[in-house]
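Chemist: This is the structure I want to talk about, given as structure tokens.
The values are calculated or read from the model by the stated rules, or taken from the named source; none is laboratory data. Being a predicted model, the structure only gives us computed values, none of them experimental. Virtual Cβ from ideal backbone geometry, glycine too; neighbours counted across all protein chains shown. Heavy atoms of the whole protein, side chains included, go into the accessibility calculation; ligands, DNA and RNA do not. Shrake-Rupley method; radii C 1.70, N 1.55, O 1.52, S 1.80 Å.
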Amino acid sequence: MKYVHRLFIVLLLILSSSLLAKSIPFNIPSKDHLTQINGQIDLPDNEKSKFFPLIVLVGGTHLFDRDYDFGSSNTDKDLLFRELSKRLTTRGFAVARYDYRGIKCNKRTVAPCSNCKSHEEFMSYFVNACVDNSIRSTVTVQTTRDDIESVYTFAKAQPFVAPKMSFIIAH
């Protein structure tokens, strides 16, 4: 299965030279095979380089997706990992970000709730839309560690990553 992921990414790179300014989504199985880990690798807009150093961003243990929504300004500046990734890719790093186990979106990326009249109604809607409680019930220290390792191993193995220049930044 991992060879299919690699082949897909290589084909995408061959078919679109402008892809290097974009993100490559991924979906890999968790080590315990209870869920899929969804994320993306953001790439620098640098077609001169074949290999990029890698940084894997790891959120805290709350309900964080790959954007890491943390703030109250209701601007993109609240999406800390998205903003950090933009800054790191402009400096030549490939950046892997992923959704924490059982999380599908955040309060800013969830589909609008036209029926929500209060904050409590919106939060209930958000939890139903963005949180898979059956998967969240499998979160342990070990599964968290395994998910980080799976994302790191997958991202580090990509053909555009300089594997000896791979790092993890965790909150």
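Chemist: Any chance you could get the radius of gyration and Dmax over the Cα atoms of the chain, in Å?
Modeler: Cα only, the chain: 16.6, 51 Å (Rg, Dmax).
Chemist: Holding the Cα-Cα limit at 18 Å, pick out from LYS22/LYS48; LYS50/LYS164; LYS86/LYS164 the pairs that are longer than that.
Modeler: Details: LYS22/LYS48 15 Å; LYS50/LYS164 14 Å; LYS86/LYS164 22 Å.
Going by Cα-Cα distance, LYS86/LYS164 fall outside the 18 Å limit.
Chemist: Hey, another quick one. Count charges around VAL95 for me, please; just the other residues with Cβ under 14 Å from its Cβ, Lys/Arg as +1, Asp/Glu as -1. List each step's numbers first, then the result.
Modeler: Numbers: positive: LYS22, ARG66, ARG82, LYS86, ARG87, ARG91, ARG97, LYS156; negative: ASP42, ASP45, ASP67, GLU83.
Its environment carries a net charge of +4.
Chemist: Let me ask something else about it. Take the chain, connect every pair of alpha-carbon atoms lying under 10 Å apart with a spring to form a Gaussian network, then pick out the residue of PHE26, PHE64, PHE122 with the largest mean-square fluctuation.
Modeler: Among PHE26, PHE64, PHE122, the largest GNM mean-square fluctuation belongs to PHE122.
Chemist: Take the alpha carbon gyration tensor of the stretch 93-171, find the square roots of its eigenvalues, order them as a ≥ b ≥ c, and report rounded if a/c is under 1.5; if not, report prolate when a/b exceeds b/c, else oblate. Spell out each step's value before the answer.
Modeler: Details: a/c = 3.57, a/b = 2.05, b/c = 1.74.
Judged from the Cα gyration tensor, the stretch 93-171 comes out prolate (a/c at least 1.5, a/b above b/c).
Chemist: If you don't mind, there's one more thing I want to ask. Can you give me the accessible area per residue for the chain, using a 1.4 Å probe, in Å²?
Modeler: On the way: 9900 Å² over 171 residues.
Value returned for the chain: 58 Å² of accessible area per residue.
Chemist: In the chain, carbon and sulfur make up what percent of the accessible area (probe 1.4 Å)? Before the final figure, lay out each step's value.
Modeler: Working: 5820 of 9900 Å².
The nonpolar share, carbon plus sulfur, comes to 59 percent.
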